[in-house]
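To start, the structure itself, in structure tokens.
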Amino acid sequence: MKFERLKNKIFSIIKFLNSQTCSFSGPRPQNLPWGFNEDDSRCLEMKNNLKINIVSAIEKGFKIFISGMALGFDMICAKMVLELKKTYPFIKLIGAIPCKTQDKFWNEKDKQRYRTLLSQLDGIRCIYDNYIGSECMFERNRYMVNNSSLLITYFNGKSGGTKRTVDYAKKQGINIINLYNEEKYKKIPKI
């Protein structure tokens, strides 16, 4: 009987923490309309929308945010949460990294940005020591969904890791906010 009560108490604590946790999922820079240029007006507009949604989540009781810390949308989200910690010092940012060597093949500028962000996290959950293939990325994404009740994404409907994460989140029944709006963020043709 004691074990069953303890088990139920642990599950209720986990459920409570999940109800206060939001994770992020989105594409790498090469799959974003603005690429690596975060000063592009489309990226700035998306960041503003991201900030509005994170603040709204905080005001609804979310206190823990999880980023996969990959290049692109993940790092944009991590940086935004860190900026918002200045106004909301009680929020926490957790990095869910697929492996210790995630940045192994990144250029020096991206490695430096990554390591700077890592040093500011409130915690890190590392799934594997070494890269074992794309499965470690998917395992990281499942970890984030399984420990959240809200997913903020930038999902354009195309297949890939973000689609798998969004599909998994739907199956798990967590709330999803998609910041992607095809008309608003489509690539503007050159004249």
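Tell me the relative contact order for the chain as a rounded percent, counting alpha carbon contacts under 8 Å between residues six or more apart.
The normalised contact order for the chain reaches 25 percent.
Of all the options I127, I64, I97, the one that moves most in a Gaussian network model of the chain with Cα springs shorter than 10 angstrom is I127. Here the Karplus relation 6.51 cos²θ - 1.76 cosθ + 1.60, evaluated at θ = phi - 60°, turns the backbone of the range 84-90 into coupling constants of 6, 4, 5, 8, 10, x, 7 Hz, with x for every Gly and Pro. Dividing the summed -39500 (n - 2.57) terms of all DSSP H runs of n ≥ 4 by the residue count of the chain sets its mean residue ellipticity at 222 nm at -15000 deg cm²/dmol. Peptides 102-110, 45-53, 69-77, ordered by how many other C-beta atoms sit within 10 Å of their residues on average, highest first, read 69-77, 45-53, 102-110. To the nearest 10 degrees, how steep is helix 2-19 against the longest Cα principal axis of the chain, on a 0 to 90 scale? Roughly 20 degrees between the two axes. For the range 110-120, backbone phi angles converted through the Karplus equation (6.51, -1.76, 1.60; θ = phi - 60°) give residue-by-residue couplings of 5, 4, 5, 4, 4, 5, 5, 5, 4, 5, 9 Hz, Gly and Pro being listed as x. How far is helix 134-146 tilted off the main Cα axis of the chain, in degrees rounded to 10, range 0 to 90? The two axes meet at around 60 degrees. Two decimals is fine: what is log10 I(q)/I(0) at q = 0.12 Å⁻¹ for the range 115-169, from a Debye sum with one equal scatterer on every Cα and no solvent? For the requested q values the scattering log ratios are -0.34. Near the amide H of I177, within less than 5 Å, lie the amide hydrogens of L151, I152, T153, all on another chain or at least 5 residues away, with H placed in the peptide plane. The amide H of C99, built 1.01 Å from its N in the peptide plane, has I127, Y128 as neighbours under 5 Å, considering only residues 5 or more places off or on other chains.
Rule-based calculations on the coordinates, nothing more; no lab input. Every value quoted in this text rests on a predicted model; they were computed, and no experiment measured them. Every residue, glycine among them, receives a Cβ derived from its backbone with ideal geometry; neighbour counts consider all protein chains shown.
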